[in-house]
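To keep things clear, I will list the structure first and then write my remarks on it.
The values are calculated or read from the model by the stated rules, or taken from the named source; none is laboratory data. What you see is a predicted model, and the numbers here were worked out from it, not measured in a lab. With ideal geometry, Cβ positions are generated from the backbone for all residues, glycine too; neighbour counts draw on all protein chains shown. Note: accessible area is taken over every heavy atom of the protein model, side chains too, but ligands, DNA and RNA are not part of it. Shrake-Rupley method; radii C 1.70, N 1.55, O 1.52, S 1.80 Å.
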Amino acid sequence: MLRASAHATGEPIDLRAITDRAPEALLRDGTELLRFVTALIRDGANLDNARAELAASRGPSAVVRAAAVAGNFQMMNRLVDATGVPIGASLRAIAVDLGLDPADAP
């Protein structure tokens, strides 16, 4: 969704920053967004700070939108995992954008 949104709005983005923090995400306030999502997923101790940073850079509504997208993704991911839905070849195309080898995608 982030990839499609960035392309639709003409925002530059380097999705490799999701899997490897060495490249710059290029997305405006992408660092704050990555910190917030990381705190949501695996670093709850820093969630308050990450939430405040994102709110300071993009406003409170950005926190709500980012949390909603993360929650929706988690729901969809669990549903797909639980039902055994295979990943289609068309979705493997984003593997390259993420800096992954498409041959490794299931």
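Find me the longest stretch of the chain that has none of the exposed trypsin sites (Lys or Arg not before Pro), where exposed means in a DSSP loop (not H, G, I, E or B) with at most 16 other Cβ atoms within 10 Å.
Details: sites that count: R21, R28.
No qualifying site falls inside 29-106, the longest such stretch.
Between A52, A93, A82, the Gaussian network model of the chain with springs among Cα atoms under 10 angstrom shows the greatest mean-square fluctuation at A82. Per residue, the accessible area of the chain comes to 68 Å², computed with a 1.4 Å probe over protein heavy atoms only. Here is what passes the span test in the chain: the DSSP H helices with alpha carbon length of 18 Å or more along the helix axis and a Kyte-Doolittle mean of -1.0 or above are 60-83. Using the Cβ-Cβ distance between A93 and E24 with R0 set to 30 Å, the FRET efficiency works out to roughly 0.85.
Of all the options A56, A67, A45, the one that moves most in a Gaussian network model of the chain with Cα springs shorter than 10 angstrom is A45.
For every other residue with a beta carbon closer than 15 angstrom to the beta carbon of A68, add +1 if it is Lys or Arg and -1 if Asp or Glu, then tell me the sum. Value of the local net charge: +3. Our Cα-only numbers for the chain put the radius of gyration and Dmax at 14.7, 40 Å.
For the chain, the Cβ-based charge dipole about the Cα centre amounts to some 260 debye (Lys, Arg positive; Asp, Glu negative; other atoms uncharged).
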